[in-house]
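The structure appears below as structure tokens.
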Amino acid sequence: MADLLKLGVLISGNGSNLQSIIDHVEQGKLKAAIKIVISNNPDAFGIQRAQKHKIKTAILKQKDFKSKEELDQNIIKILQENSVDLIVLAGFMRIISPALLKAFPHRIMNIHPALLPSFPGLHAQKQAFDYGVKLTGCTVHFVDEGVDTGPIIIQAVVPVYDHDTQEALTERILKEEHRIYPQAIQLFADGKLQIQGRKVLIKSTVEKTIKPLCNPPLTGF
Ligand code: GAR
């Protein structure tokens, strides 16, 4: 059997995406191994999730380091010591430094709770809700030097209802995040992702037609 793809998951908070990845790995649906979970927040609930599943964890607080660069050098060291193939950002609320990008070229993924390039940055669900879009969603993309600007791997569309609340919308998006992130990682593990400029092509898959989605649904048009 080929070696399993080795993941390093970086978190800052609740870690529900981490949990989804753990669950998919344990169910044998995602053929990868989580080698290390790193948090920049000692109170992140995701650390407890990892420990419950006997996954190694590391906490690196900015205040323990002289600079952002020094913290990132330490993150790189831990990832390399654990032979990580792919870095998975799962609610990691920190900008990735050029040094980390250089150490893991095209090997860092992020999930964002909006249909990029709409609503990048913080509070994407609120941004979409306040803007009044009828459809929003989530995006898994490779990380580049910008904020939420890297080549897009997969997106899921989520409706926004007239009488929605921001909380309900956030939950609805999160549910889809938990489905598309493991899928994106499996595509990477299978060597199926081919980056061509801004585009990520999915190798050797038969493209299926997807029905366009309207919200509100059309009434016979
Ligand atoms: C998720 O909604 C993720 O998309 C978002 O933070 C949340 C983390 O939840 N990430 C960003 O906004 C990054 N810009 P989780 O800790 O439960 O996985």
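Looking at the structure I just gave you, is Arg49 within 15 Å of the ligand (Cβ to nearest atom) and closer than 24 Å to Glu176 by Cα? Yes: the conditions hold for Arg49. Can you name the residue in region 169-221 that is open to solvent by less than 90 Å² (accessible area, probe 1.4 Å), part of a loop (DSSP other than H, G, I, E, B) and not charged (D, E, K, R) and, of all such residues, is nearest to His24 (Cα to Cα)? Filtering first and then ranking leaves Gly191.
Taking Leu7 as the residue in question, decide whether it is of a type outside the set (Val, Ile, Thr), over 23 Å from Arg179 (Cα atoms) and at pLDDT 95 or above. When the stated conditions are applied, Leu7 does not pass them. Note on region 1-18: residues that are open to solvent by 20 Å² or more (accessible area, probe 1.4 Å), in a strand (DSSP E or B) and within 16 Å of the ligand (Cβ to nearest atom) total 0. Screening Gln166 with (1) closer than 30 Å to Arg107 by Cβ; (2) touching a residue at least 24 places away in the same chain (Cβ under 8 Å); (3) within 16 Å of the ligand (Cβ to nearest atom) gives one miss only, at (1). When Ala90, Ala99 are checked against the criterion of being under 18 Å from Ser20 (Cβ atoms) and modelled with pLDDT of 95 or more, Ala90 stands alone in meeting it. Of all residues in region 1-21, how many are out of contact with any strand residue (DSSP E or B) (no Cβ under 7 Å at 6 or more places or on another chain) and under 19 Å from Leu101 (Cβ atoms)? Number of matching residues: 0.
Can you tell me which residue among Ile55, Ile36 is within 18 Å of Ala90 (Cα to Cα), away from the ligand (no atom under 16 Å from the Cβ) and open to solvent by less than 40 Å² (accessible area, probe 1.4 Å)? From the options Ile55, Ile36, the qualifying one is Ile36. Scanning region 19-55 for residues that are among the charged types (D, E, K, R) and either in a strand (DSSP E or B) or out of contact with any His (no Cβ under 8 Å at 6 or more places or on another chain) (or both) returns Asp23, Lys29, Lys31, Lys35, Asp43, Arg49, Lys52, Lys54. Pairs meeting the criteria (first residue in region 73-100 and part of a strand (DSSP E or B) and surrounded by 16 or more Cβ atoms within 10 Å (Cβ to Cβ), second residue among the β-branched types (Val, Ile, Thr) and at pLDDT 95 or above, beta carbons under 6 Å, at least 6 apart or on different chains) are Ile87/Ile108; Val88/Val9.
The values are calculated or read from the model by the stated rules, or taken from the named source; none is laboratory data. Every value quoted in this text rests on a predicted model; they were computed, and no experiment measured them. Cβ coordinates were reconstructed from backbone atoms using ideal geometry, including for glycine residues, and neighbour counts include every protein chain displayed. The accessibility values were calculated without ligands, DNA or RNA, using every heavy atom of the protein model including side chains. Shrake-Rupley method; radii C 1.70, N 1.55, O 1.52, S 1.80 Å.
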